[in-house]
Amino acid sequence: MGQFQTSRFYMDYGDFVAGRGFTINGVTGPDEYTALINNNTYTNLMVKDQLEFLVASLTEEISTQFDVTDNEIKQWKQAAKQMYIHRTDSALIGQDDSFLTKGKWPFEATNEAQYPLLLHFHPMKIYQKQVLKQADLILAMVLQSERFTAEEKLVNYDYYEPLTTHDSSLSPATHAIIAAELDRMEQAVSFFYYTARTDLDDYHHNVKDGVHTAAMAGSWLAIVYGFAGLRIKNGNLHFQPKLPKEWTSYQFRITFQGRLIEVTTNLKGTTYRLIHGETISIFSDNNSVQL
């Protein structure tokens, strides 16, 4: 039910613009230091994904139940196909329509005591600059991984990470995942420890108000999606395991399609064990493994 409501909302809120395609203007993406902009890449890609999934999932019975018309389906398909993404002549992608046209935040003139920025600068000052509170386009590269090339991930990580303050506890885990994928293992490990120790070391000076449960979950994500390289492609589990040089091992369990699978990576390599459920094929470093 929710997918029909939101998809109809997107069609009402967005517009087909000649020369651009389907645009979604007047939004704020994950980055809280960039507000009320047009065509946030993360938002547009997530909407594109939802529309494609909805159309692929439709049956005659469902269409009848929710009064879906042929014209409505046609519009959803067209919007998904023509979704506007702010690409440039290079592999660099705009976080939104205007981000790359702004001046960069004067990091060299900002001292440590002035972070987080939102507590020391007016929002309008922050909104004028290229500066991020947390992962935005980088988050899209985690959740919509297959829609980006390896070159795009590398170019955009190198561009956006230095502009990110990580004032949000949600940010380090996402960057750890992409850094590991790009073999920037020192950065990946650093981001992992940051998210794992967010409350232990009170990095944000607010543990007195409660713990950061999302950062706790981020520690798990950094290992599973980052170092172990978990991705789901065409309904199959894919792993690209890597072991940080400072570590001797890591281990975790995941539930997937009714199976409980244990993954162990150590100095000898990676092993996979089916603990519960029917036989399943997974992929490790692009090689099929039968469990």
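Looking across region 127-166 at every residue that is open to solvent by 20 Å² or more (accessible area, probe 1.4 Å) and acidic (Asp, Glu), the one that is nearest to residue 87 (Cα to Cα) is identified as 152.
Taken over region 108-130, residues that are assigned to a helix (DSSP H, G or I) and either in contact (Cβ under 8 Å) with a residue 12 or more places away in the chain or in contact with a Pro (Cβ under 8 Å, 6 or more places away or on another chain) (or both) amount to 5. Of all residues in region 16-28, those that are touching a residue at least 60 places away in the same chain (Cβ under 8 Å) have Cβ atoms under 6 Å from Cβ atoms of residues that are open to solvent by 80 Å² or more (accessible area, probe 1.4 Å), 6 or more apart or on another chain, in 22/16; 23/15.
Screening residue 42 on (1) in contact with an Asp or Glu (Cβ under 7 Å, 6 or more places away or on another chain); (2) part of a loop (DSSP other than H, G, I, E, B) shows it passes everything except condition (2).
For region 51-69, a tally of residues being assigned to a helix (DSSP H, G or I) and open to solvent by less than 40 Å² (accessible area, probe 1.4 Å) returns 4. Please state which one of 79, 56 is closer than 28 Å to residue 153 by Cβ and touching a residue at least 60 places away in the same chain (Cβ under 8 Å). After ruling out the rest, the residue left standing is 79. Scanning region 93-118 for residues that are under 25 Å from residue 18 (Cβ atoms) and not small (Gly, Ala, Ser) returns 93, 95, 96, 97, 99, 100, 101.
The set of residues in region 255-291 that are among the charged types (D, E, K, R) and over 20 Å from residue 181 (Cβ atoms) comprises 259, 262, 268, 273, 278. Only residues that are part of a strand (DSSP E or B), open to solvent by 30 Å² or more (accessible area, probe 1.4 Å), polar (S, T, N, Q) and within 17 Å of residue 222 (Cβ to Cβ) were counted across region 240-269, and they come to 2. Checked against the criterion of being aliphatic (A, V, I, L, M), within 24 Å of the chain's Cα centre (by Cα) and either open to solvent by 20 Å² or more (accessible area, probe 1.4 Å) or within 22 Å of residue 175 (Cα to Cα) (or both), region 12-20 contains not a single residue that satisfies it. I'd like to know if region 82-94 contains one or more residues that are at pLDDT 95 or above, of a type in the set (Phe, Trp, Tyr) and part of a loop (DSSP other than H, G, I, E, B). Yes, there is a match, as at least one residue in region 82-94 is at pLDDT 95 or above, of a type in the set (Phe, Trp, Tyr) and part of a loop (DSSP other than H, G, I, E, B). The lone criterion from (1) open to solvent by 60 Å² or more (accessible area, probe 1.4 Å); (2) over 20 Å from residue 140 (Cα atoms) left unmet by residue 38 is number (2). A count restricted to region 270-291 and to residues that are surrounded by fewer than 17 Cβ atoms within 10 Å (Cβ to Cβ), more than 26 Å from the chain's Cα centre (by Cα) and not in a strand (DSSP E or B) stands at 4.
The values are calculated or read from the model by the stated rules, or taken from the named source; none is laboratory data. No experiment lies behind these values; they were computed from the predicted model shown. Glycine gets a Cβ as well: all are built from the backbone with ideal geometry, and neighbour counts include every protein chain shown. The area values use the complete protein model at the heavy-atom level, side chains included, leaving out ligands, DNA and RNA. Shrake-Rupley method; radii C 1.70, N 1.55, O 1.52, S 1.80 Å.
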